[in-house]
Amino acid sequence: MAVTEPAPAAVSAAHEGILRRQSARESAARTYARALPIVPVRARGLTIEGADGQRYLDCLSGAGTLALGHNHPVVLEAIRKVLDSGAPLHVLDLATPVKDAFTTELFRTLPRELADRGRIQFCGPAGTDAVEAALKLVRTATGREGMVAFTGAYHGMTAGALEVSGGARDVRVARLPYPQDYRCPFGIGGAEGAELAARWTESLLDDPKSGVPRPAGMILEPVQGEGGVIPAPDDWLRRMREITAARSIPLIADEVQTGVGRTGTFWAVEHSGVVPDVMVLSKAIGGSLPLAVVIYRDDLDVWSPGAHAGTFRGNQLAMAAGAATLAYVRENGLAERAGVLGTRMLTQLRSLAAEHPCIGDVRGRGLMIGVELVDPACSGGAGSLGDSGGPGGPGGGTGTPGGASAVRSLPAGLLDRSLRPLPPAPELAAAVQRECLSRGLIVELGGRHSSVVRLLPPLTITDEQAAAILDRLADAISAAERQHHG
Ligand code: PMP
């Protein structure tokens with residue numbers, strides 16, 4: 001029987017109907033769906049097709065999950081293989097050949113020192129559950145309670161993960177400055193700003209009257225994602241490693257967003273050579289399906305059986321899709337590709353910034369890129385931070401690969417801007433996001449003030465696709481700027 005294509009008017013009505021029913025039925029707490037009123041029905045690689053027939057370049061990539069883009073053939077094949085094999089899909093945390101293959105492939109990618117003495121805990125399928133597990137692990141192993149974490153951090157939405165995120169207001173977690181060039185809390189940025197941040201950390205830990213008892217662990221993101229695409233300088237990360245090692249404080253690297261090649265190395269800690277005691281992994285390791293694990297050194301493995309239980313820790317399809325993704329990224333050098341392409345895109349975006357005073361900063365590492373929008377009409381805004389964006393806001397970031405020193409190599413105009421940052425412009429950023437969408441480009445917003453346009457494209461994009469993304473973004477910025485100041 002011939003299938004008749006629905007008439008365009010009917011397609012559009014179906015699309016509108018789905019969106020209308022969504023806004024009538026779904027929670028007020030829904031997030032991405034508010035800014036992105038689209039109804040995806042098909043997707044491949046970088047492209048999503050909506051129920052209205054529109055096509056979009058997807059630079060949100062499931063909040064950085066889709067290392068290989070949508071429906072990559074190797075991922076689909078891995079999933080089909082499990083389905084066709086008759087293997088059980090739900091096994092709690094029992095051993096299976098699929099899980100064994102996933103664990104072997106994952107350990108192959110880890111920093112050698114950690115892999116050689118590594119243990120893995122399969123967690124509930126969200127990144128935030130793996131963060132909870134990591135916090136519990138180091139609290140049990142050290143017998144200590146407190147944690148140190150960083151301004152601007154985002155680790156998830158469950159209670160413990162929220163406590164260590166930047167928007168929290170609590171006493172169990174001491175907050176330390178995360179180094180950043182743009183909006184540096186010390187007003188200097190660069191290596192000096194990062195050094196001051198490290199000294200503050202040291203003094204807080206060593207001063208018996210700092211009000212911060214020796215913590216059970218330090219948790220950090222090698223590049224803050226939701227906090228605004230802020231790459232930690234490699235030297236600073238090495239300092240954090242020395243400071244924590246010297247005081248027997250386990251260092252937890254949250255690589256939920258930075259992992260699997262995203263920043264130009266397989267794991268972002270590799271840029272600095274730092275080997276953390278604990279790594280929290282999720283998003284891309286499941287090859288687009290939900291999966292989260294904690295990896296840690298064996299001497300920390302002193303918690304009891306069932307200390308971090310959960311029903312959904314055995315997702316066989318995610319493990320198969322994840323193993324295929326990890327292997328594909330490794331075998332095809334996609335981390336290196338992300339590094340090269342990301343550097344090129346940052347350079348192009350910095351040229352764009354020279355033409356747009358509303359671009360305050362361009363920063364990132366690999367294919368984790370942020371463009372911070374500011375209000376050029378407000379002069380004298382040095383260091384003005386505005387209102388806090390809250391813990392869940394999508395993020396923004398800093399610097400070329402190399403971190404803090406990157407600011408020093410900026411063109412004069414941008415360097416000047418980075419030392420005297422203007423107030424963030426969240427409304428302009430939202431307008432840019434809307435203008436991008438109307439040009440068929442999906443971008444994320446983030447940063448402390450939701451003023452950072454974030455690009456998290458799949459690592460598989462071609463040079464032509466990267467150029468199309470930047471063209472549409474440039475166009476959208478011009479249009480939003482005209483509306484805003486016109
Ligand atoms: N850690 C980091 C660094 C993240 O970026 C996120 C999610 N954006 C999480 C943890 C939480 O992961 P999930 O949303 O899967 O709970």
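The values are calculated or read from the model by the stated rules, or taken from the named source; none is laboratory data. The structure displayed is predicted, hence computed values, not measured ones. Here the Cβ positions follow ideal geometry from the backbone for every residue, glycine too, while neighbour counts run over all protein chains shown. Only protein heavy atoms, including side chains, enter the accessible area calculation; ligands, DNA and RNA are left aside. Shrake-Rupley method; radii C 1.70, N 1.55, O 1.52, S 1.80 Å.
Annotations
- Seen from Arg297, the other residues with C-beta closer than 9 Å to its C-beta sum to a net charge of -3, counting Lys and Arg as +1 and Asp and Glu as -1.
- Two tests apply to each whole DSSP H helix in the chain, Cα reach of 15 Å or more along its axis and mean Kyte-Doolittle hydropathy of at least 0.0, and the ones passing both are 73-85, 127-142, 316-331, 334-355, 426-438.
- Cα lying deepest toward the dipole's positive end in the chain, options Ala253, Ala161, Ala63, charges on Cβ: Ala161
- Take every pair of alpha-carbon atoms less than 8 Å apart whose residues are at least six positions apart; their mean separation over the length of region 202-331 yields a relative contact order of 19 percent.
- Of all beta bridges that DSSP places with both ends in the chain, some 70 percent have antiparallel geometry.
- Region 110-257 - percent of accessible surface contributed by carbon and sulfur, probe 1.4 Å: 53
- Calculated FRET efficiency for the pair Thr158/Asp471, C-beta based, R₀ 41 Å, to 0.05: 0.55
- Extending 7 Å from Cα along the Cβ direction at Gln483 and again at Ala87 yields two label points whose distance is 4.7 nm.
- Three-way shape label, region 75-331, alpha-carbon gyration tensor, a/c 1.5: prolate
- Share, in percent, of DSSP beta bridges within region 130-236 that are antiparallel, nearest 5: 25
- Three-way shape label, the chain, alpha-carbon gyration tensor, a/c 1.5: oblate
- Ranking Trp303, Leu46, Leu176 by Cα position along the charge dipole of the chain, where only Lys, Arg, Asp and Glu carry charges on their C-beta atoms, puts Trp303 farthest toward the positive end.
- Taking Cβ atoms as reference points and 14 Å as the exclusive limit, the residues near Ser61 contribute a net charge of +2, counting Lys and Arg as +1 and Asp and Glu as -1.
- Summing Cβ point charges (Lys, Arg +1; Asp, Glu -1) relative to the Cα centre of the chain gives a dipole of roughly 420 debye.
- Under DSSP loop assignment and at most 15 Cβ neighbours within 10 Å, longest GluC sites (Glu not before Pro)-free interval of the chain: 146-486
- Going by accessible surface with a 1.4 Å probe and the largest first, Lys81, Lys209, Lys99 read Lys209, Lys81, Lys99.
- Placing dummy labels 7 Å off each Cα toward the beta-carbon, the span from Arg344 to Arg42 is 2.9 nm.
- Shown for the chain: lysine pairs separated by 8 or more places, or found on different chains, whose C-alpha atoms are under 28 Å apart, numbering 6.
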